[in-house]
Amino acid sequence: MDSTNLVAETNEDDNIFTQCFTWATAEHEPITPQDLSRAPDLVPFAAQGWSDPIVVTSHQGVASDGPLSVDVPSRISYSVQNQGLSSTSERFWVYLYLDDILVYRGYWDGMLVEHFGVNEGWSELSNRTNVVRGIHTLKVVVDATDLVVESDEGNNVFEKQFTWGSGPVTAMPISTPTPIPTPPAPMTLPNLVPGWPFGQDGPIIVSREEGTSLDSLVTADGTFFVDVAVSNRSIVEAPPFAVDLYIDGEKVDKFDFGELQGGWYVGWEDWSPQNQQAQMAEGSHTLTLVIDPTDAVQEANEDDNVYEKTVIWSGPDATAEQGLTVYTNEELQQVLSNLQRVLDIRDDALTLSGTDHTDDVLSVAEAGYYLITGKSLQDERVDILLLTHDGYLEWIDKDYSETFASSEESEYSAILARREKIKTEATGYTTRHSGRVAVVVDAERPVAEVINTLAHELGHMRQQFLNPAQSVVDNFYTLSGIREAQAQQFERAIWLALEDFTNLSLMAYPNFEKFHELIDHMFQTWEEERDSGEHSLGSLLQWLVVLDDPKLSDLRIELVKTGRLGAESSLQLYDYLVALAPEVIDSYVSDRLDSIEEWRPTILEVSKLRLVPLHELQIEGAAALQEPALGAP
């Protein structure tokens with residue numbers, strides 16, 4: 001009685017009564033997962049922005065520890081997460097103790113894998129026990145009654161000491177506002193730089209052929225041709241200027257150019273030595289481009305006028321390697337032999353502290369891309385960059401600095417908003433850079449998430465190759481939605497192909513109520529955000545295109561009959577969306593959205609029918625794949 005010692009009594013030693021009972025042996029042993037290592041794992045968890053799983057303060061709406069007083073209500077928050085490899089539908093209890101006295105009990109009705117829950121701002125401590133001045137220990141115990149069979153039963157407890165004073169508490173400190181990003185100052189001078197036209201191999205191109213924009217093998221006894229390119233990375237016209245070309249430090253020619261408008265390129269094609277009989281020695285040679293060598297042009301930046309490139313001249317009998325990368329089934333099986341292990345990794349793919357799983361990420365993406373396209377990423381004109389979070393943000397800032405430089409000041413506000421939206425909302429970014437497509441991914445996240453983001457961005461990449469018209473037109477909202485639908489479907493196609501090839505169940509999830517709620521929540525979010533978020537618009541369009549477009553009736557029949565599109569049909573849907581001409585997209589999207597009321601029940605029903613009865617589930621898919629598994633046709 002009075003287990004929290006809230007009541008002052010004449011006798012505090014007569015509050016306990018104990019009696020023993022005996023339970024008979026159960027007829028059946030408790031059901032435990034066949035693979036205990038894949039069981040749920042419920043743990044105290046520091047939610048985003050928290051220093052620890054327990055936060056205590058006297059101030060409302062604060063997510064950090066603050067001053068405490070026995071005379072002011074204390075607000076206690078804690079968070080728990082399922083960091084295991086499977087979800088649980090079991091209700092589990094969380095107990096909160098003050099100095100080993102139980103003061104609070106709460107519960108969750110199950111928790112999906114890698115999801116978390118927060119109990120925020122509980123303020124009844126003074127009504128549960130008498131808190132005196134001094135140091136006290138708060139302890140949170142997750143699954144306190146051991147209802148859930150976990151992969152690790154030894155990590156359910158977190159405790160932390162706090163100090164309570166008396167009297168009023170200090171006012172909540174005024175937080176320093178986050179600096180508001182500002183655009184750069186407009187450029188008032190031209191800026192001549194080495195040029196990287198899209199589809200070309202750079203500011204210097206060396207080839208044995210005339211009229212090409214790509215490097216090719218050159219031999220010591222053969223002729224060769226050099227192209228150079230210069231860009232004016234500003235909006236200010238540059239006056240006439242010269243460019244010097246050096247080979248191994250020796251000036252071999254000078255090119256004179258006229259005025260160059262801002263944002264434009266100019267080049268010199270098919271230069272060759274006057275005496276083509278002069279042979280280059282076998283081996284490496286360095287070609288150097290020096291723009292405006294006499295500084296005749298006053299520029300915004302004088303430090304970006306030089307570009308060097310090392311080229312190998314082969315022997316007289318050398319021949320260029322022919323053919324594209326080809327994998328045998330055995331080679332792909334070897335690459336994917338540890339796929340499940342890779343998806344089970346809970347570390348971030350890349351960290352400053354030295355963790356690096358990026359080779360695993362690239363291997364899975366390479367295999368998946370090859371399985372659905374028949375091509376290797378090594379044969380695509382793409383640079384894939386997996387960066388730490390800070391590196392990712394820095395890369396975007398640098399890329400956008402070039403956009404600002406080549407844009408009118410009236411466009412700066414929209415460019416800045418676009419840049420900041422990408423930095424705060426997107427974990428992957430695809431653009432044109434250095435003559436190629438650049439795919440940049442924030443890899444300081446769990447491995448499965450990074451692979452999925454990369455698969456998504458590869459969908460954007462491939463669209464640039466298949467239908468560049470969707471990339472070169474001025475962007476508009478419905479086009480953004482269509483491009484998101486493409487990328488979302490492409491990531492699903494990759495996972496389906498990986499499933500089919502490995503016979504693994506990568507996107508299966510148990511038929512728990514929490515998953516029904518997740519599907520309802522996804523669809524509700526798409527509808528609420530369809531006019532303000534291109535990702536949500538894309539998610540809706542995937543379904544509506546299949547169900548409502550009469551040209552895709554074969555896909556609709558497959559979806560309704562089997563509950564999903566297979567890998568080939570998924571890629572067919574992707575290709576169909578990629579082929580849409582920009583000028584028809586506005587009306588096409590409007591027509592599809594008009595059918596949403598008709599198809600809403602079908603979408604929800606099909607999604608939920610994919611959930612697998614628990615006794616039939618072999619392995620639950622990674623949390624990162626829930627959206628492509630359940631949220632795409």
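For segment 245-264, the candidate set comprises residues that are charged (D, E, K, R) and either within 43 Å of the chain's Cα centre (by Cα) or not in a strand (DSSP E or B) (or both); within that set, the residue that is nearest to Thr310 (Cα to Cα) is Asp248.
Annotation for segment 21-37: no member residue is in contact with a strand residue (DSSP E or B) (Cβ under 9 Å, 6 or more places away or on another chain) and in contact (Cβ under 8 Å) with a residue 40 or more places away in the chain. In the condition set (1) within 30 Å of Val94 (Cβ to Cβ); (2) touching a helix residue (DSSP H, G or I) at 6+ places or on another chain (Cβ under 9 Å), Asn191 is compliant with all but (1).
Scanning segment 462-476 for residues that are among the aromatic types (Phe, Trp, Tyr) and surrounded by fewer than 13 Cβ atoms within 10 Å (Cβ to Cβ) returns a single hit, Phe476. Can you say whether Val103 is touching a residue at least 12 places away in the same chain (Cβ under 8 Å), within 15 Å of Asn155 (Cα to Cα) and not in a loop (DSSP other than H, G, I, E, B), as far as the supplied structure shows? Against the criterion (touching a residue at least 12 places away in the same chain (Cβ under 8 Å), within 15 Å of Asn155 (Cα to Cα) and not in a loop (DSSP other than H, G, I, E, B)), Val103 does not qualify. If you check Val148 against the conditions, is it part of a strand (DSSP E or B), assigned by TED's automatic domain parsing to the domain that holds Ser64 and over 31 Å from the mean Cα position of the chain (by Cα)? So Val148 does not fit the description; no.
Each residue in segment 123-158 was checked for being crowded, with 16+ Cβ neighbours inside 10 Å and in contact (Cβ under 8 Å) with a residue 60 or more places away in the chain, and 13 of them qualify. Among the residues of segment 510-530, at least one is closer than 21 Å to Arg592 by Cβ and either in the same structural domain as Gly199 (by TED's automatic domain parsing) or not in a helix (DSSP H, G or I) (or both). The residue of segment 76-93 that is nearest to the chain's Cα centre (by Cα), among those that are hydroxyl-bearing (Ser, Thr, Tyr) and either on the phi > 0 side of the Ramachandran plot or part of a strand (DSSP E or B) (or both), is Ser79. Restricting Gln60, Gln48, Gln81 to those that are modelled with pLDDT of 95 or more and not hydrophobic (A, V, I, L, M, F, W, C) reduces the list to Gln81. Pairing residues of segment 337-348 that are modelled with pLDDT of 95 or more with residues that are basic (Lys, Arg), at Cβ distances under 7 Å and at least 6 apart in sequence or on separate chains, gives Asp348/Arg445. Kindly establish whether Leu96 is over 41 Å from the mean Cα position of the chain (by Cα), under 30 Å from Ser69 (Cα atoms) and part of a strand (DSSP E or B). Answer is no for this residue. When Glu457, Glu449, Glu411, Glu484 are checked against the criterion of being in a helix (DSSP H, G or I), of a type in the set (Asp, Glu) and surrounded by fewer than 20 Cβ atoms within 10 Å (Cβ to Cβ), a single residue qualifies: Glu411. In segment 255-276, the residues that are crowded, with 16+ Cβ neighbours inside 10 Å form Cβ pairs under 6 Å with partners that are assigned to a loop (DSSP other than H, G, I, E, B) and β-branched (Val, Ile, Thr), at six or more places apart or across chains, as follows: Gly262/Ile235; Gly262/Val236.
A quick yes/no check of all residues on (1) farther than 30 Å from Ser471 by Cα; (2) modelled with pLDDT of 95 or more; (3) outside any helix (DSSP H, G or I):
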residue	(1), (2), (3)
Lys551	no, yes, no
Leu565	no, yes, yes
Thr602	yes, yes, no
Leu625	no, yes, no
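Only one of the listed residues (Ser231, Ser207, Ser216) is in the same structural domain as Tyr265 (by TED's automatic domain parsing), of a type in the set (Gly, Ala, Ser), under 18 Å from Lys254 (Cα atoms) and touching a strand residue (DSSP E or B) at 6+ places or on another chain (Cβ under 6 Å). That residue is Ser231.
The values are calculated or read from the model by the stated rules, or taken from the named source; none is laboratory data. What you see is a predicted model; the values in this text were computed from it and never measured. FYI the Cβ positions are ideal-geometry reconstructions off the backbone, even for glycines, and counts take in every protein chain you see.
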